[in-house]
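The structure under discussion appears below in the form of structure tokens.
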Amino acid sequence: MAHPVVVIGAGAAGLLAALTAARRGVDVVLVESTEDGGRKILISGGGRCNILPSVAQPERYVTASSPNTLRKILRSWPLPEQRAFLEAELRMPLVLEEETGKLFPSSQRARDVRDGLLARVREAGVRTWFGTRVTGLSSAAGGWTVELQGAPPIEARGVIVATGGLSVPNTGSDGAGLSIVRALGHVVNDTYPALTPLTAAPHPHAELAGVATDVTLSAPDSKPPFSTTGALLVTHRGWSGPAVLDASHLATRGRPDGVRQEILVNWAGSETIDWDGALRESAGTVRAVVAVRLPRRLADALVLEAGVAPETPLAQLRRSDRQKIADALTVYPLPWTGHEGYQKAEVTGGGVALAEIDPRTMESRRTPGLYLCGEILDAFGPIGGHNFLWAWATGRAAGSSV
């Protein structure tokens with residue numbers, strides 16, 4: 001009897017890999033360390049599952065590997081085809097959230113996504129082994145021996161590793177897969193928490209905790225220069241919100257905790273506002289002008305930090321006052337000294353170098369018969385469903401090729 005293909009990990013990438021392979025007639029065993037699988041799917045989008053973005057943006061992905069390889073992988077399964085596939089498999093349409101550009105299942109229930117994919121996997125004949133931890137992987141006689149904790153090993157003709165990274169460890173992402181592939185000789189680029197909140201000690205505006213507004217964050221001196229627009233949330237410990245999460249890799253990648261760093265904030269977000277003109281030509285107080293665009297508590301704090309009382313009549317402002325206020329509102333140096341780590345990170349930065357795999361098949365260039373997909377690879381995208389896009393694409397490619 002022919003040996004099966006073993007898929008390690010029942011997250012988004014692993015489920016797609018198992019389903020795709022099984023529908024090709026492959027005998028598949030899906031091994032998952034948790035008791036149910038798909039736990040990151042369950043917590044995505046606040047329990048609604050932001051299953052895809054409405055627009056693919058490969059240029060916004062982050063990798064220390066070849067950007068060209070990353071783009072080839074994303075192009076292998078275009079977004080419209082992914083959407084059509086998921087709508088058919090989940091048996092419900094995906095709906096657009098206009099203000100964010102995110103796609104959600106029409107039921108607005110992440111559990112429907114996880115359970116729907118698991119149902120399709122089982123219908124395809126995949127054998128699912130939950131609560132089973134893989135402890136080792138070794139090549140043997142043209143195939144693989146998959147060592148299991150508390151169970152006999154599985155002899156496999158091929159293995160797909162879809163174990164995720166290190167983010168949100170209570171979902172089962174404990175880095176075990178990275179250790180396994182590193183032991184097999186693969187290059188693993190340094191890992192770090194990504195899409196994670198930032199902390200500031202001392203916090204310059206802890207009194208504003210709970211205030212949120214749309215901003216543009218920029219780091220013109222980073223390589224390449226970085227910019228993102230979205231919501232920023234002031235927390236008791238620092239900063240969060242989509243814009244901050246998208247920028248967090250600038251703080252976590254190869255930088256020590258405890259060292260003060262800054263990113264520039266335009267508190268007007270994507271709007272272009274001539275603050276100097278507004279302060280010069282309007283009537284009333286400084287607060288009356290600034291609080292039209294920003295939450296009042298935030299407006300007052302920024303104006304005070306510029307050295308001006310918010311209730312100051314505009315007619316009394318000097319040119320230097322207007323410039324200080326305009327700078328505080330458009331190029332504010334937002335400080336951070338640390339981050340919330342893997343516990344709150346949505347994804348893992350770094351991972352297996354993309355040069356280690358064939359981008360058409362996800363097969364290892366070092367060890368034929370071994371395939372890698374999902375978060376274990378050195379690539380992640382911004383908030384908004386882009387990391388599911390990556391998981392679906394890489395999982396399908398692996399399942400199509402094994």
Residue check, Ala151 under 13 Å from Val31 (Cα atoms), in contact with a His (Cβ under 6 Å, 6 or more places away or on another chain) and not β-branched (Val, Ile, Thr): no
Selection within the stretch 89-120 - aliphatic (A, V, I, L, M) and within 25 Å of the chain's Cα centre (by Cα): Leu90, Met92, Leu94, Val95, Leu96, Leu103, Ala110, Val113, Leu117, Leu118
Hey, does the stretch 323-342 have a residue that's hydrophobic (A, V, I, L, M, F, W, C), touching a Pro at 6+ places or on another chain (Cβ under 8 Å) and farther than 19 Å from Ala268 by Cβ? no
Hits in the stretch 246-265 - residues which are outside any loop (DSSP other than H, G, I, E, B) and buried (at least 20 other Cβ atoms within 10 Å of the Cβ): Asp246, Ala247, His249, Ala251, Thr252, Ile263, Val265
Has the stretch 96-110 got at least one residue that is polar (S, T, N, Q) and at positive phi? yes
Quick check, is Val6 part of a strand (DSSP E or B), buried (at least 22 other Cβ atoms within 10 Å of the Cβ) and either modelled with pLDDT under 95 or not basic (Lys, Arg) (or both)? yes
Only unsatisfied item for Leu298, checking (1) in contact with a strand residue (DSSP E or B) (Cβ under 6 Å, 6 or more places away or on another chain); (2) in contact (Cβ under 8 Å) with a residue 40 or more places away in the chain, is (1)
Does Pro202 count as of a type outside the set (Asp, Glu) and without any contact (Cβ under 8 Å) to a residue 12 or more places away in the chain? yes
Can you tell me which residue among Arg182, Arg237, Arg253 is under 30 Å from Leu16 (Cα atoms) and not assigned by TED's automatic domain parsing to the domain that holds Arg60? Arg253
Taking the condition of being assigned to a strand (DSSP E or B), touching a helix residue (DSSP H, G or I) at 6+ places or on another chain (Cβ under 7 Å) and at positive phi, how many residues in the stretch 317-371 meet it? 1
Of those in the stretch 390-402 that are buried (at least 24 other Cβ atoms within 10 Å of the Cβ) and not aromatic (Phe, Trp, Tyr), the residue nearest to Phe104 (Cα to Cα) is Ala391
If you scan the stretch 168-183, which residues turn out to be surrounded by 17 or more Cβ atoms within 10 Å (Cβ to Cβ) and within 20 Å of Val7 (Cα to Cα)? Thr171, Gly172, Ser173, Asp174, Gly175, Ala176, Gly177, Leu178, Ile180, Val181
Six or more apart or on different chains, Cβ atoms under 9 Å: show the pairs whose first residue is in the stretch 105-128 and free of Cβ contacts under 8 Å to residues at least 40 places away in the same chain and of a type in the set (Gly, Ala, Ser) and whose second is surrounded by 15 or more Cβ atoms within 10 Å (Cβ to Cβ) and in a strand (DSSP E or B). Ser106/Leu94; Gly116/Pro105
If the Cβ limit is 9 Å and pairs must be 6+ apart or interchain, which residue in the stretch 353-371 that is over 20 Å from Leu16 (Cα atoms) pairs with which residue that is in a helix (DSSP H, G or I)? Ala355/Thr69; Glu356/Val181; Arg365/Ala355; Arg365/Glu356; Arg366/Glu356; Thr367/Val181
Suppose we filter the stretch 174-201 for residues that are of a type in the set (Val, Ile, Thr) and over 21 Å from the mean Cα position of the chain (by Cα); how many remain? 3
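The values are calculated or read from the model by the stated rules, or taken from the named source; none is laboratory data. Since this is a predicted model, take the numbers as computed values, not measurements. Here the Cβ is made from the backbone with ideal geometry for all residues, glycine too, and neighbour counts use every protein chain on show.
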